[in-house]
1. Need pairs with beta-carbon distance below 7 Å; first residue within 9 Å of another protein chain (Cβ to nearest Cβ) and within region A:129-143, second among the aromatic types (Phe, Trp, Tyr) and in a helix (DSSP H, G or I); sequence gap 6+ or separate chains.
2. Can you find, within region B:117-170, the residue that is nearest to the chain's Cα centre (by Cα) among those that are more than 10 Å from every other protein chain (Cβ to nearest Cβ) and charged (D, E, K, R)?
3. Please work out which one of (1) more than 10 Å from chain B (Cβ to nearest Cβ); (2) of a type outside the set (Lys, Arg); (3) more than 23 Å from A:Ser33 (Cα to Cα) is the condition A:Gly106 fails and give its number.
4. Considering every residue within region B:84-92, establish whether at least one is farther than 19 Å from A:Gln135 by Cα, exposed (fewer than 15 other Cβ atoms within 10 Å of the Cβ) and either of a type in the set (Asp, Glu) or not assigned by TED's automatic domain parsing to the domain that holds B:Ser158 (or both).
5. Scan region B:146-157 and give yes if some residue there is over 24 Å from A:Asn131 (Cβ atoms), touching a residue at least 12 places away in the same chain (Cβ under 8 Å) and of a type outside the set (A, V, I, L, M), otherwise no.
6. Within region B:103-111, can one find any residue that is closer than 28 Å to A:Asp142 by Cβ, at pLDDT 90 or above and assigned to a helix (DSSP H, G or I)?
7. Out of the residues in region A:26-40 that are outside any strand (DSSP E or B) and within 14 Å of chain B (Cβ to nearest Cβ), which is nearest to A:Lys118 (Cα to Cα)?
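The values are calculated or read from the model by the stated rules, or taken from the named source; none is laboratory data. Since the model is a prediction, treat every value here as computed from it, not as a measurement. Counting neighbours? That spans all protein chains shown, and the Cβs are built from the backbone with ideal geometry, glycine included.
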Amino acid sequence: MADDYTHIILADDDEDDRMFFTEAFEELKMNTSVRTFNDGVYLLDHLMKNEVVIPHILFLDLNMPRMSGIECLVEIRQNSRFKDMAIAIYSTSASEEDIESTFIKGANIYIKKPSDFKKLKKMLSNVVTINWQYQTNGLNRDNFLLRL
Amino acid sequence: MKLFIKFDFQAVCNSVLEERLQALGIAYKIVGFGEVEFLQKLSEEKKHEFVEALQPYHIEIVEDQKSILVQKMKDVIIDMVYNADTEVHVKSSVYLSEKLGHSYGYLANLFSEVTYTSIENFIILQKIEYTKHLIIHENLSLTEIAFKLNYSSVAHLSTQFKKTTGITPSAFQRIIEKRRQQQN
């Protein structure tokens, strides 16, 4: 991972969750750059800019005002510019059906927000490491499904 | 007249590096002794210039050799996973070290250093990716796949799949099928 950064974006309306997320990556020291947005509308405004640096992994909270994580997911997956970007749903618990439906709609990763900071760090490091394998080893991204 | 000089090798080497990097206008950070981190992606051209600039000082870049060996390891592993039915059945550690002519300990350390994952995890990941491929494109049953990939039992494969991806093989198959239906 020495010669390249993993660019990460999180859209989450909860300030504490955004802070834990950023701090977790700071402590992990994994060559990542993290940007956060307060909701889906801000996120899409940013992603649709022409000169945007497309992140390697996008984390989406499900319940956000104005535009939900699912709406973001569907809109982003319709745009082929983002086909190599992994999308992680980052949410508090949901039913099995809901989880499966996010995968069907094009999510690659589903993470249940852990209550414990240590667990969060472990999960996020896991996500970045596995995504890195897809990024560098030419694995088939269509088959990239991960639930933590 | 004679003067006696004392060197601080690290300081000398670092200042040579700094001087050359600055002359080339490369943003950098010297991480430790003999390790430079580039703060932006380096074009092949720039990299070449950098290598040449260091030649008069007999400073060489070793990182690339490490990457090449790691790439070789990956190739051997992938070949091993995808041709599991034809390969001689030796332990992967023995096979790797024989093929590449280094001790397994050395290879394992180097692999983790460069890829942030262990050889064991990489093998498992490759096997699970191949399993996914066989489920979707070859329509093989899990029993057939377990046999093909030398798993001791279907249960073992199924558990490893779930442990690696967080979902069961059947859920995986269902999701991919529904995705396809949705796209049509």
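1. Note: no pairs meet the criteria.
2. Ranking the qualifying residues of region B:117-170, first place goes to B:Glu120.
3. The failed condition is (1).
4. Just the residues of region B:84-92 that are farther than 19 Å from A:Gln135 by Cα, to begin with: B:84-92.
After this cut, where a residue has to be exposed (fewer than 15 other Cβ atoms within 10 Å of the Cβ) as well, the list is B:85-91.
Right, trim to either of a type in the set (Asp, Glu) or not assigned by TED's automatic domain parsing to the domain that holds B:Ser158 (or both) and you get B:85, B:87.
Looking for residues that are farther than 19 Å from A:Gln135 by Cα, exposed (fewer than 15 other Cβ atoms within 10 Å of the Cβ) and either of a type in the set (Asp, Glu) or not assigned by TED's automatic domain parsing to the domain that holds B:Ser158 (or both), one finds at least one in region B:84-92, hence yes.
5. yes
6. Residues of region B:103-111 that are closer than 28 Å to A:Asp142 by Cβ, as a first pass: B:111.
Subset that is at pLDDT 90 or above: B:111.
From what is left, the residues that are assigned to a helix (DSSP H, G or I) are B:111.
Looking through region B:103-111, at least one residue is closer than 28 Å to A:Asp142 by Cβ, at pLDDT 90 or above and assigned to a helix (DSSP H, G or I).
7. Narrowing region A:26-40 to residues outside any strand (DSSP E or B): A:26-31, A:38-40.
Then drop every residue that is not within 14 Å of chain B (Cβ to nearest Cβ), which leaves A:28-31.
On the way: A:Leu28: 11, A:Lys29: 14, A:Met30: 15, A:Asn31: 19 Å.
Within region A:26-40, the match that is nearest to A:Lys118 (Cα to Cα) is A:Leu28.
Matching residues to (1) among the acidic types (Asp, Glu); (2) closer than 23 Å to A:Thr136 by Cβ; (3) not assigned by TED's automatic domain parsing to the domain that holds B:Glu113:
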position: B:Leu17; (1), (2), (3): no, no, yes
position: B:Arg20; (1), (2), (3): no, no, yes
position: B:Ile30; (1), (2), (3): no, no, yes
position: B:Glu37; (1), (2), (3): yes, yes, yes
position: B:Ser43; (1), (2), (3): no, yes, yes
position: B:Lys46; (1), (2), (3): no, yes, yes
position: B:Glu52; (1), (2), (3): yes, no, yes
position: B:Gln55; (1), (2), (3): no, no, yes
position: B:Lys72; (1), (2), (3): no, yes, no
